[in-house]
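Please read the structure below before turning to the comments.
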Amino acid sequence: MALLIKNIRELVQVENKPKLKVSGKEMSKIKTISDAWIYIEGDRISDFGKMKDIPDFSKAWGMKMKVVDASGRMVFPSFCDSHTHLVYAGSREIEYIDKIKGLSYEEIAERGGGILNSARRLHEATEDELIEQALPRLQEIMMLGTGAVEIKSGYGLTVEDELKMLRVIRRLKVMTPLTIVPTFLGAHAVPIEFKGRQHEFVDMVINEMIPQVASEDLADYIDVFCERGFFTVDDTERILTAGMKYGMRPKIHANEMYHSGGVQVGVKYNALSVDHLEYTGDAEIECLLGSETMPTILPGAAFFLGLEYAPARKMIDAGLPVALASDFNPGSSPSGNMQFILAMACIKYRLLPQEAINAVTINSAYAMGLSEEYGSIAVGKKANLFITKPIPSYEFMPYAYGSNKVETVILNGEVVK
Ligand code: NIG
Ligand code: FE
């Protein structure tokens, strides 16, 4: 099956020589082709160019070819959302009301709410129930333009329930056209039963969870919530060392509420990404420079919890790359809308639209190890893209922050909406 999209007003984020990520000043550049076409064969981008140079596809018309006229519309590569917790049971709007009344995220967690609340509910849910709840979330983000998504465990907190979550994520992989990347986050919170015995919980993560997750090959990456009140730098080092023995590369929750040392420990263990970064100063920036670790900012959590906004502008000006992701989860960011994340990047973090687009496509693809195949329009890459509604410019995407600008979604070369 082939697909030709023609009369595209602007084809956005085109690469002739694909890069794995873009950093610093490079982030303000986006290549586009106006009045363009793109040709897709099977699940791959086969070629693209300007309408005035469009080849004669009539020969190919013997084979099955669908033609889409995108007059007045733009084509973007799908968003890559490199940080979510979108498999969860129920919702936590009651805590949200506590937050409105003045309790902080940490105070709610200390009372056994927060992640532990989600863990109790997850414990009671069957795999099938978790799938039933996750599928509409996946469907929703797909319709909003996401094409690849990372999903973490971390609401299990027992061996059985962590395995249950990861098995659910594995089953979801074949139930949707989205590309799903699984991450093991056994060290997300210390369960009440282990209060005062955190060391023993960390032992359990290392000695029981990690070997079983690895033996079923359930996760590509390993994550730790390295934060005061959650897991220390020492705990993090022990867990990462254990996970890396089984080939799971780190992706760390770091510096969300304090200068936790999470960035430094992430870089030390060559994490693929360090995420959140609200508390990032010169020392963290210095440490990230020259590393292979992608600083990943989660505007949804900062917005929803009323946190400091991470110094993304300063990071890019210092020469770093930046990725953006949704953090879709029931406690700190109950939305996976990457169009909103793109807008937040410009409005609250002062990224230029070009920088923001790089952050939600190629750099976020890098942050889940997918940027060879995803995150831009390049020959041979996966044909994951979307056609917008009629819009005047690509800057309109982050500008019109409240409306859905995506009209047609194409994943693996097929129109899914
Ligand atoms: O990334 N910070 C830790 N984990 C999630 C929140 C999880 C929850 O509150 O359920 C986050 O914000
Ligand atoms: Fe998170």
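The values are calculated or read from the model by the stated rules, or taken from the named source; none is laboratory data. Everything numeric here is computed off the predicted structure, so don't read it as measured data. Positions of Cβ are generated from backbone atoms using ideal geometry, with glycine treated the same way; all protein chains shown enter the neighbour counts. Accessible surface is based on the protein model in full, side chains and every heavy atom, while ligands, DNA and RNA are left aside. Shrake-Rupley method; radii C 1.70, N 1.55, O 1.52, S 1.80 Å.
Quick check: residue separation of Lys245 and Glu208 times 0.36 nm, minus the Cα distance between them. What number comes out in nm?
11.9 nm
Helix 159-173 sits at what angle to the longest principal axis of the chain, using alpha carbons and giving 0 to 90 degrees rounded to 10? The two axes meet at around 10 degrees.
On full extension, the segment bounded by Glu286 and Asp43 gains 83.5 nm, given 0.36 nm per residue less the C-alpha separation.
Look at the Cα gyration tensor of region 191-231: its axes a ≥ b ≥ c give a/c of at least 1.5 with a/b at or below b/c, and that counts as oblate. By definition, a body whose alpha carbon gyration tensor gives a ≥ b ≥ c is prolate when a/c is 1.5 or more and a/b is larger than b/c, and region 213-307 fits this prolate description.
Spatially, region 216-258 and region 168-212 are offset by 10 Å when compared through their Cα centroids. Using θ = phi - 60° in the Karplus curve 6.51 cos²θ - 1.76 cosθ + 1.60, the 3J(HN,Hα) couplings for region 9-21 round to 4, 8, 9, 9, 6, 8, 10, 8, 10, x, 10, 7, 7 Hz; x is entered for Gly and Pro. Taking label points 7 Å from Cα along the Cα-to-Cβ direction, Arg171 and Asn412 give a separation of 1.9 nm. The distance separating the Cα centre of region 368-413 from that of region 43-105 comes to 5 Å.
Scaling the Cα radius of gyration of region 1-90 by the globular reference 2.2 N^0.38 Å produces a ratio of 1.35. For region 79-366, the share of alpha carbon pairs falling in successive 5 Å distance bins from zero is 1, 6, 13, 18, 20, 19, 14, 7, 2, 0 percent. Segment Tyr399..Lys50, full-extension length gain: 123.0 nm, with 0.36 nm per residue of separation and the alpha-carbon distance subtracted. Considering only Leu298, Phe184, Gly112, the residue lying farthest towards the positive end of the dipole of the chain is Leu298, judged by Cα position with unit charges set on Cβ.
Between helix 233-245 and the chain there is an angle of about 60 degrees, using the helix long axis and the longest principal axis of the Cα atoms.
Taking all protein chains in place and a 1.4 Å probe, what share, in percent, of the accessible surface of the chain do carbon and sulfur account for?
Within the chain, the accessible surface is 52 percent carbon and sulfur.
Using helices alone, I'd like the mean residue ellipticity at 222 nm for the chain: each DSSP H run of four-plus residues gives -39500 (n - 2.57), total over residue count, nearest 500.
So the helix-based figure for the chain works out to -9000 deg cm²/dmol.
At a probe radius of 1.4 angstrom, the accessible area of region 79-366 per residue rounds to 35 square angstrom. Placing unit charges on the Cβ atoms only, positive for Lys and Arg and negative for Asp and Glu, gives the chain a dipole magnitude near 1460 debye about its Cα centre.
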